[in-house]
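Since the structure comes first, as structure tokens, the remarks are kept for the end.
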Amino acid sequence: QVQLVESGGGLVQPGGSLRLSCAASGSIFRVWVLAWYRQSPGKQRDRVATITNGGGTNYADSVKGRFTISRDNAKNTMYLQMNSLKPEDTAVYYCNTWPIPNSWGQGTQVTVSS
């Protein structure tokens, strides 16, 4: 059973930065394609960024140039560095496999507000 635990969210002012972490269990972490997703109240959950087992990345247009996804296979951990944050980035952020997600964790709340 895959377990994914997100952390690192918080309240930040517009223009600020946060770094999210995703700790995963499972000996086959390094072969997974992983993604960060986010969900705002009343909206569907959307993919934000994807990273392959080889380190290839892909981003939603709304975050391109501001967010950076990375992974450390030795630590079974994935990251999302978020810079130049905007109020519209406010959401609960989740990590999961891609394209077929496993069970969802609790997520981590990111609030961008002055």
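The values are calculated or read from the model by the stated rules, or taken from the named source; none is laboratory data. Computed from a predicted structure; not experimentally measured. As a convention, Cβ positions derive from the backbone with ideal geometry for all residues, glycine included, and neighbour counts pool all protein chains shown. Calculation scope for accessible area: heavy atoms of the full protein, side chains included, ligands and nucleic acids excluded. Shrake-Rupley method; radii C 1.70, N 1.55, O 1.52, S 1.80 Å.
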Q: Please name all residue pairs, on different chains or six or more residues apart, with Cβ atoms under 6 Å, provided the first residue is in the stretch 19-43 and is in contact (Cβ under 8 Å) with a residue 24 or more places away in the chain and the second residue is among the basic types (K, R) and open to solvent by 10 Å² or more (accessible area, probe 1.4 Å).
A: A35/R47; Y37/R45; Y37/R47; Q39/R45
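Looking at R30, R47, R38, R71, which is the one that is part of a strand (DSSP E or B), at pLDDT below 95, open to solvent by 30 Å² or more (accessible area, probe 1.4 Å) and under 23 Å from N102 (Cα atoms)?
Answer to the check: R71.
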Q: Write out, first by first residue and then by second, each pair whose Cβ atoms fall under 9 Å of each other, whose residues are 6+ apart or on separate chains, and whose first residue, in the stretch 90-114, is over 20 Å from A23 (Cβ atoms) and at pLDDT 95 or above while the second is of a type in the set (A, V, I, L, M) and assigned to a loop (DSSP other than H, G, I, E, B).
A: V112/L85
**Q.** Selection within the stretch 87-114 - part of a strand (DSSP E or B) and either open to solvent by less than 20 Å² (accessible area, probe 1.4 Å) or closer than 14 Å to R45 by Cα (or both)
**A.** A91, V92, Y93, Y94, C95, N96, T97, T108, Q109, V110, V112
Q) If only one of S21, S84 is surrounded by fewer than 18 Cβ atoms within 10 Å (Cβ to Cβ), modelled with pLDDT of 95 or more, touching a Gly at 6+ places or on another chain (Cβ under 8 Å) and part of a loop (DSSP other than H, G, I, E, B), which one is it? A) S84
